[in-house]
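Chemist: Encoded as structure tokens, here's the structure I'll be asking about.
Throughout, read-outs are computed from the coordinates displayed, never taken from laboratory work. Values in this document were obtained by computation on a predicted structure and should not be read as measured data. Neighbour counts are summed over all protein chains in view; Cβ atoms, including those assigned to glycine, are modelled from backbone coordinates with ideal geometry.
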Amino acid sequence: KKREEDNEKTMATTEIVKATDDKNAAAAAPVSLGKGAWDCDNNCEIPPDKEAEVFEEIATMDFPYEGIPTIPPRKNMTHMAFFCNGCRYRVEAYPDWTARQVAEALWRGGIERANNPNGNTPGMKGPEDIALIYAGQIMKDEKKLQDYNVPPGCKVMIAIEKAKLLPEAKPDPDSAYWN
């Protein structure tokens, strides 16, 4: 009973997902692309049915294009989105932060859950093992996001284990590279 009450409370437009053992209920759950989404500020999963709302991706008629609804400009410019191992991570970050500060915020927020124990690399053991990529550029830890022209509220960045960027690195056996 208490768990159900706790699940009804929301935290910064996300809510904790109630795990279920009922396979029929799980099969009837909404389909999620990839491996879901994670709110690093609250260290909790973003439910598939709330993902579009949290990432401000709901088309409206506020700015229609030839009568077709479009996604309006974002209102929340303090949160950025990073993709890592098929999951999307939402974290509060600003263009004047260094790449190291963002990696630390991602680490504190739970990005280590993206580690693949069956991978070809040692895995992420701390924020120093995270590389951030924007517009094809690997960001240096000491440089600010604005040095790479990352706009406020950017939703298209990549966080990856640094070891995977080494020339001798091989893709993990279960990566899409092999499929």
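Chemist: Once you keep just the Cα pairs under 8 angstrom separated by 6 or more residues, what percentage relative contact order results for region 33-179?
Modeler: Reported relative contact order: 24 percent.
Chemist: Once phi is turned into θ = phi - 60°, what whole-Hz ³J(HN,Hα) does the Karplus curve with 6.51, -1.76 and 1.60 give for every residue of region 146-154, x standing for Gly and Pro?
Modeler: Calculated HN-Hα couplings, in order: 5, 5, 9, 6, 6, x, x, x, 4 Hz.
Chemist: Can you check how the C-alpha radius of gyration of region 45-179 compares to 2.2 N^0.38 Å, as a plain ratio?
Modeler: 1.16
Chemist: Which value results when the Cα radius of gyration for region 32-114 is divided by 2.2 N^0.38 Å?
Modeler: After normalising by residue count via 2.2 N^0.38 Å, the value is 1.21.
Chemist: I've got another one for you. Among 51-59, 162-170, 88-96, what's the highest-first ranking by average C-beta atoms within 10 angstrom per residue?
Modeler: By packing density, highest mean first, the sequence is 88-96, 51-59, 162-170.
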